[in-house]
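Where a number appears in this text, it was derived from the coordinates with a stated rule and is not lab data. Note that the coordinates shown come from a computational prediction; the quantities given were computed from them, not determined experimentally. Backbone-built Cβ (ideal geometry, glycine too); neighbour counts: all protein chains shown.
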Amino acid sequence: MHLDDERIERRRDDELEPVERIEADRHLADCAPCRERFERARSADARVSNLLRGLDPAASARPPLEAILARARVRPRLRVPRFAAAAALLVVVAGAAAALPGSPVRAWLQGWMGGAGTRPATSPTVPAPVAPAIGGVAVTPGARLVIELRPTGAGESARALVNLVEGEAVVVSAAPDVAAFDSEEGRLTVRVSGAGLVRIDVPLTAPEVEIRVHGRRAWRLAAGRVDASVPADSLGEIAIPLGE
């Protein structure tokens, strides 16, 4: 029976109990395949440590890699091979170093990974998305506020998203090509002419707010109670269709 990878790594890192270490040494002395795997593990560990020191000359003033990785080990849970952990750390450090202006690390990485003489393909620059413009109006509800939604044309396919919020003002918002607003004492008229979303945020503490579509009540808050023509979704928002 051969030593498994974990036992080889723990022997390399001097983490075995005294009895386990003696047994492992006896096996390594008699088993050439396991002895070869053990030497490869030690060699790979040394190469990674040397590479890290080459990337960061100040590393000698810091805790050795051995100590850092030893703290990260938790047994008997699933063990991440030390070489894999060190390789991941190497990628992070090398990536940061390669980003520095004039850094030779980029060319070094290409040579080490077998990519010397090749240039990575550059992706075309994609412009950042531009957020759509949003217009709206904020109204203090007073004792009673009626919000009249008047959809026309493409506005018949729009929706009103109603949500109860903290605050003192009713806020109605939409893209400029979707809706326009008129307000007067106790009433807010929203003329919806485009397909899209009209968002209506109503304060939880408002005495009474009523939303009408085509002159018919679709939603009402009074004395902390909500009555709506459609049920709320899992987030507590109510989406009211504006079509007839």
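Side notes on the structure shown:
- In terms of packing, defined here as the mean over residues of other Cβ atoms within 10 angstrom, the peptides 221-232, 172-183, 30-41 line up highest first as 172-183, 30-41, 221-232.
- Region 143-191: relative contact order in percent, alpha carbon pairs under 8 Å with at least 6 residues between: 59
- Restricting the calculation to Cα atoms, every distinct pair contributes to the Kirkwood radius of region 177-242, found to be 13.1 Å.
- Radius ratio Rg over Rh of region 122-244, counting only Cα atoms, Kirkwood formula for Rh: 1.05
- Around Ala218: net Lys/Arg minus Asp/Glu count, Cβ-Cβ under 13 Å: +2
- Protection proxy ranking, peptides 186-195, 210-219, average beta carbon neighbours within 10 Å, highest first: 186-195, 210-219
- The label-point distance for Asp4 and Ala138, in a model that sets each label 7 Å from Cα toward Cβ, rounds to 6.3 nm.
- Interchain or long-range residues, amide H under 5 Å from Ala158's placed H: Gly196, Leu242
- Full-stretch length increase - Glu17, Asp30 - with 0.36 nm per residue and alpha-carbon distance subtracted: 2.7 nm
- Extension gain for Val171 to Ser43 (0.36 nm times residue separation, less C-alpha to C-alpha distance): 39.4 nm.
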